[in-house]
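Below is one structure, written out as structure tokens, with a few remarks after it.
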Amino acid sequence: MARSDGLRSFEIRTYGCQMNMHDSERLAGLLEEAGYQRAEAGANPDVVVFNTCAVRENADNRLYGNLGHLLPVKNAHPGMQIAVGGCLAQKDRAVITARAPWVDVVFGTHNIGSLPAAPGARTGAAAGPGRDRSSRWSGSPPCCLPAASPPYSAWVAISVGCNNTCTFCIVPSLRGKEEDRRPGDVLAEIRALTAEGVLEVTLLGQNVNSYGAAFGDRQAFGKLLRACGGIDGLERVRFTSPHPRDFTDDVIDAMAQTPNVMPQLHMPLQSGSDAVLRAMRRAYRRDKYLAILDRVRAAMPGAAITTDIIVGFPGETERDFSATLDIVRQARFAGAFTFQYSVRAGTPAAAMDGQVPAEVVRERYERLAALVAETSLRENMLLAGREVEVLVADGEGRKDEATHRMSGRARDNRLVHFAPSGAAPRPGDIVTTVVTRGAPNYLIADGVPVAVRRTRGGDAWQARRAGQAGRAPVPVLLGMPARGRPA
């Protein structure tokens, strides 16, 4: 079914991390600029883009399964074109074209800006099976104001690539060495976003607190956080992910002293064992990690701290795993993303001795997940009776029809399910309410008065819902000229 207005349509399917999701927003903005429209619900898009991940387990199987399901649809609609991009495309472009020859375009992580030209924007010209567009771009990362959803919150990339050499990670070989955007370019993008109704931005990089190394300023990230505090209309600033090796006191001071920087820290631990951290080539040890948490909590007593942990890394013993459990107890994490280690071709860890049997990894993972749930429940229960300010979310969690709850994020990024009263808030509005109880993964605020503050973010969401102009995907000259515009 084609669009009733005759415009060419697109759909983007995203797998993986926040960087992939941000890349998809930029892709959507570029395609809309080039004359495409988002596909309507139930329609067959003219262009389907898969933005892939090479880090998650079974990422390739997922991709090829979805490509297989799409083949009969493409056969029934010969004008449909399929593009595959992202980390897996950067790594396996030849494999993709061999296994799925009905794919029209393969492009890598470094030249997202070339996608609109690939399927013949505005003209519908065919790209040719397996066309390879995965070469690196040169110069600063291209940028376009993303056609993001929701319109009140946005990711802003401050760097691409990574200079670390963690033995379990394939990201540096796929996204390259770290390249930092200039602070003025980042701040100009944030100002443009706030002018469109954005209230909250998350600064994004593989290692955000090494930001500035490329242009010789080791304190650039703390300065960037402080500069965000001077942007009119910007109410919330978050960032992900920092590396413990590079975490410095000037960043903690900037977090504590800048009112719109949220009291929240997501800092990957990966393991609580010094021996495993050494094998992972993580340039810190457990005592340094815990000392950072102590300093953060001294500066921001109410900060919520979350983390990433890998279970079953090659050579991990029961003693090593016990050290991880111990640090989870000491750190009092508000939550954790936990992963079972699995071999990633192309990483040093894949060739290490001492691969842990899968059944042992699963059993340890279950013990860790139970402890994380217990710890986060205890931390959340301590918040009962506390007043929280919630940015109402669109589609986060699930609206509970039985209790008429809505959902959103507190300043510390905890998920809050609340019962609205009086004027129903819109996504993008700010609600002040009181926590009545905690659960392992969220807070509940029931049966208490709620104050609602209408915001520009709510206005932007309402305009988008009404089919009016939400956030315009207008290219801006940040880092390099936007395609088709004068430098």
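The values are calculated or read from the model by the stated rules, or taken from the named source; none is laboratory data. These numbers come from a predicted model, not from an experiment. Cβ coordinates were reconstructed from backbone atoms using ideal geometry, including for glycine residues, and neighbour counts include every protein chain displayed.
Some observations on this one:
- From the list 283, 254, the one residue that fits, being under 24 Å from the mean Cα position of the chain (by Cα), part of a helix (DSSP H, G or I) and at negative phi, is 254.
- Sole residue being exposed (fewer than 14 other Cβ atoms within 10 Å of the Cβ) and modelled with pLDDT of 75 or more, chosen from 83, 76: 76
- Between 388, 328, 360, the distinction of being within 21 Å of residue 286 (Cα to Cα), among the β-branched types (Val, Ile, Thr), outside any loop (DSSP other than H, G, I, E, B) and at pLDDT 95 or above belongs to 328 only.
- Output for the stretch 344-366, where each listed residue is closer than 15 Å to residue 324 by Cα and surrounded by 15 or more Cβ atoms within 10 Å (Cβ to Cβ): 361, 364, 365
- Filter result (surrounded by 15 or more Cβ atoms within 10 Å (Cβ to Cβ) and of a type outside the set (Val, Ile, Thr)) within the stretch 370-385: 371, 373, 376, 379, 380, 383
- Under the condition of being part of a helix (DSSP H, G or I) and surrounded by fewer than 15 Cβ atoms within 10 Å (Cβ to Cβ), the residues counted in the stretch 331-343 number 0.
- Top-ranked residue of the stretch 198-250 - restricted to ones that are among the small types (Gly, Ala, Ser) and within 17 Å of the chain's Cα centre (by Cα), ranked as surrounded by the most Cβ atoms within 10 Å (Cβ to Cβ): 205
- Meets criteria (in a helix (DSSP H, G or I), under 24 Å from residue 153 (Cβ atoms) and not aliphatic (A, V, I, L, M)) for residue 288: no
- Check on residue 388, in contact with an Asp or Glu (Cβ under 6 Å, 6 or more places away or on another chain) and either within 30 Å of residue 421 (Cα to Cα) or among the small types (Gly, Ala, Ser) (or both): no
- Taken residue by residue, the stretch 268-278 has at least one member that is within 21 Å of residue 166 (Cβ to Cβ) and of a type in the set (D, E, K, R).
- Some residue of the stretch 421-430 being closer than 19 Å to residue 461 by Cα, at pLDDT 95 or above and assigned to a strand (DSSP E or B): yes
- Count of the stretch 291-317 residues which are over 15 Å from residue 245 (Cα atoms), assigned to a helix (DSSP H, G or I) and without any contact (Cβ under 8 Å) to a residue 40 or more places away in the chain: 3
- Index of the failed condition, residue 33 passing every other in (1) acidic (Asp, Glu); (2) at pLDDT 85 or above; (3) closer than 29 Å to residue 160 by Cα: (2)
- Of the residues making up the stretch 149-174, those that are within 18 Å of residue 29 (Cβ to Cβ), at pLDDT below 90 and part of a loop (DSSP other than H, G, I, E, B) are 149, 150, 151.
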